[in-house]
Amino acid sequence: MTITSDSLLLFTLGHFPVNATIAFTWLVMALLTITSMLITRRLNTDTRISHWQNLLEVLVSSIGKQIGDIAGRGADQYLPFIGTLFIFIITSNLLAIVPGYIPPTASLSTTSALALCVFIAVPLYGIANEGLAAYLRHYIKPTLLMLPFNLIGEFSRVIALAVRLYGNIMSGTMIVGILISLIPFFFPVLLQLLGLITGVIQAYIFAVLAMVYISSANTTHQHFIQKDGDGAPPPV
Amino acid sequence: MELDWLTVSAQVVNFLILVWLLKRFLYQPVVGAMAEREHLIASQLEAACQREQAAREEQLAYKKRRSVLIKKQQTILEKAHRQGKEQRQQLLEQARAEIARLVKQWRQELEEEQANYLLRLREEGARAIMQATGRILADLADTALETKIIDRFVKNLETLPQEELRQLVKDRTSLDVTTTFPLGNEQQCHLVQSLKPFTGDRTLVFHQSDRPRCGIEVTGEGVKLDWNIARYLDELEQQMLDLLQDQQSRVLMQSKGNPDA
């Protein structure tokens with residue numbers, strides 16, 4: 001039984017070996033891009049719109065609203081990054097129902113790559129919004145003694161982010177695989193449905209946590225939270 | 001659990017490419033379309049607000065114009081009512097004046113007609129009395145009316161004061177005797193004989209005229225002595241006048257009770 005799809009080499013592109021993780025990622029990317037292109041090709045700005053456009057607008061505006069709830073003002077700048085995280089993960093997870101498809105999110109490499117992106121995005125957005133000095137001051141708050149703990153916290157939450165998603169998706173796929181070999185009928189279908197729900201929830205959790213990490217390094221977010229009288233991040 | 005760093009790097013690049021692709025083909029168009037629609041709806045709402053405001057202002061203007069028109073209408077109605085009243089009053093006064101004029105004219109005509117009638121009655125009455133009395137006297141007493149008139153005149157002269165009789169014959173050599181009826185020779189002689197005590201030897205000149213109403217008169221120097229049936233005619237005239245006035249007042253009462261009459 002293959003634990004990860006990274007080791008499943010499908011073909012080589014020149015000297016670059018293309019494994020299942022990368023191949024299915026490209027598949028998901030192509031699916032999302034082509035679907036977006038098809039739907040947004042004939043966008044109507046009138047008050048009467050098509051059902052597909054309505055679905056897309058609901059999706060985008062819902063993601064934007066969720067981001068706005070967490071980040072407060074200036075949420076539009078996070079929409080492409082957080083929205084893509086959510087859409088990519090949920091699509092990857094939901095396609096698991098297709099036979100022969102291995103979700104890229106079941107690979108620790110993919111989840112690590114996504115977590116790495118969040119790890120890089122946090123200081124980038126922080127510096128972009130507040131400046132380098134103001135961002136770096138976050139690490140010595142409340143005292144200089146907290147610097148190592150803050151740094152450990154930064155790394156540990158990236159690792160937790162990556163492992164949580166990987167563990168959930170990989171375990172779901174693994175359990176279904178094991179159960180199919182033990183009880184071939186009915187029960188694996190229920191677990192497949194459970195896997196879909198888990199996939200959706202994990203996509204939501206990953207995106208929300210990424211947003212919380214990014215906004216926690218942002219003064220605007222701090223002011224927004226203090227103004228609302230809610231200092232704690234949303235429950236995960 | 002193994003980590004393929006090449007795959008990780010490739011996935012990072014893939015993810016960044018996907019971010020760019022979705023930003024290019026999904027977020028930007030959708031957000032742009034939503035923003036444009038919001039702008040469109042906002043502009044439509046603003047236009048609707050402006051139209052509503054304009055409609056409200058127009059409604060206000062119409063209300064003002066309507067109230068002005070109503071006031072104007074009331075003024076015109078009041079004026080027309082007042083003018084109608086005045087005209088009605090004027091017409092009534094004109095009608096009253098016309099009626100009064102007609103009544104006056106009618107009365108005048110009536111009075112004229114009455115006077116003419118009475119005059120005619122007097123003449124006809126005198127003639128009729130003369131004829132009737134003459135016939136009655138001729139039938140009953142075998143006496144002429146003229147003779148009886150002369151006798152009556154002479155009897156009246158006997159009752160007159162002497163001073164008046166002297167005044168009649170004073171400075172006169174003749175006296176004019178005027179009768180309504182023609183006198184025969186016998187009657188003239190009778191009259192001369194009868195008047196002899198009063199006139200002495202003065203000459204009597206006889207005339208016939210309608211002036212003495214069925215009677216006789218003797219004219220001297222500024223004095224006239226006569227007898228005629230004018231008194232009886234006056235009584236008859238008075239009776240007829242009373243009768244006519246009574247009838248006239250009855251007609252007037254009837255016309256007041258029924259204005260259309």
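The values are calculated or read from the model by the stated rules, or taken from the named source; none is laboratory data. Small disclaimer: the values here were computed from a predicted structure and weren't measured. Here Cβ is always computed from backbone atoms with ideal geometry, including for glycine, and neighbour counts include all displayed protein chains. What goes into the accessible areas is simple: the full protein's heavy atoms, side chains included, and nothing from ligands, DNA or RNA. Shrake-Rupley method; radii C 1.70, N 1.55, O 1.52, S 1.80 Å.
Residues whose amide H falls under 5 Å from that of B:Thr180, counting only those 5 or more places apart or on a different chain, are B:Ser209, B:Gly215, with hydrogens built in the peptide plane.
These residues, B:Glu38, B:Glu237, B:Glu123, go from largest to smallest accessible area, 1.4 Å probe, as B:Glu38, B:Glu123, B:Glu237. Chains B and A together bury roughly 3300 Å² of accessible surface, counting both sides and using a 1.4 Å probe on protein heavy atoms.
Shape summary: chain A maps onto an equivalent ellipsoid whose semi-axes, from the alpha-carbon gyration tensor, are 33, 25, 18 Å in decreasing order. Helices in chain B, meaning DSSP H runs of at least 4 residues, each add -39500 (n - 2.57). Divided by all residues, the mean residue ellipticity at 222 nm is -27500 deg cm²/dmol. Here the Karplus curve 6.51 cos²θ - 1.76 cosθ + 1.60, taken at θ = phi - 60°, turns the phi angles of region A:90-107 into couplings of 5, 5, 4, 6, 5, 5, 4, 6, 6, x, x, 8, 10, x, x, 6, 7, 9 Hz, with x standing for Gly and Pro. Peptide A:29-40 is shielded by partner chain Cβ atoms: per residue, an average of 4 of them sit within 10 Å of its Cβ.
When region B:56-143 is described by a simple charge dipole with +1 on each Lys and Arg Cβ and -1 on each Asp and Glu Cβ, the residue from B:Ile70, B:Trp106, B:Tyr117 located farthest towards its positive end is B:Ile70.
At the residue level, A:Ser61 shows approximately 50 square angstrom of accessible surface with a 1.4 angstrom probe and all protein chains present. At the residue level, B:Asp176 shows approximately 50 square angstrom of accessible surface with a 1.4 angstrom probe and all protein chains present. Site-free segments of chain A were taken between chymotrypsin sites (Phe, Trp or Tyr not before Pro) in DSSP loops having at most 11 other Cβ atoms within 10 Å, sites themselves excluded; the longest one is A:1-184.
What the Cβ-Cβ distance of B:Asn185 and B:Gln254 gives, at R0 = 60 Å and to the nearest 0.05, is a FRET efficiency of 0.50. For peptide B:27-40, the mean count of partner chain Cβ atoms within 10 Å of a residue's Cβ comes to 6. The modelled label-to-label distance between A:Val200 and B:Ala80, using points 7 Å beyond Cα along the C-beta direction, is 7.8 nm. Accessible surface computed residue by residue for region B:144-228, with neighbouring protein chains in place and a 1.4 Å probe, gives 56 Å² per residue.
Residues A:Leu161, B:Leu110 ordered from highest to lowest accessible area at a 1.4 Å probe: B:Leu110, A:Leu161. Sorting B:Leu204, A:Leu145 by accessible area puts them as A:Leu145, B:Leu204; the probe is 1.4 Å, largest comes first, and only protein heavy atoms count. Per the Kirkwood formula on distinct C-alpha pairs, the Rh of region B:56-143 is how many angstrom? Result for region B:56-143, one decimal place: 20.0 Å. Per residue, region B:44-128 exposes 91 Å² of solvent-accessible protein surface, assessed with a 1.4 angstrom probe and all protein chains in place. Sequentially through region B:177-188, phi angles give Karplus couplings (6.51, -1.76, 1.60; θ = phi - 60°) of 10, 10, 10, 7, 9, x, 9, x, 4, 4, 5, 4 Hz, Gly and Pro residues having no value and appearing as x. Solvent exposure of A:Asp76, expressed as accessible area, is near 130 Å², computed with a probe of 1.4 Å over the protein chains only. Based on DSSP H segments of at least four residues, each scored -39500 (n - 2.57), chain A has a per-residue ellipticity at 222 nm of -23500 deg cm²/dmol.
Backbone geometry of region A:161-166 corresponds, through the Karplus equation with coefficients 6.51, -1.76 and 1.60 at θ = phi - 60°, to 3J(HN,Hα) couplings of 4, 5, 6, 4, 5, 4 Hz, x marking Gly and Pro.
Potential lengthening of the chain between B:Asn156 and B:Ile70 amounts to 21.6 nm, from the contour at 0.36 nm per residue minus the alpha-carbon distance. Extension gain for B:Glu164 to B:Gln59 (0.36 nm times residue separation, less C-alpha to C-alpha distance): 26.8 nm.
Note on A:88-95: average number of Cβ atoms from other chains within 10 Å of each residue's Cβ is 1. What size of dipole, in debye to the nearest 20, comes out for chain B about its Cα centre when the only charges are +1 on Lys and Arg C-beta atoms and -1 on Asp and Glu C-beta atoms? About 1520 debye. For region A:5-228, a simple Cβ point-charge model (Lys and Arg +1, Asp and Glu -1, everything else neutral) yields a dipole of about 160 debye relative to the Cα centre.
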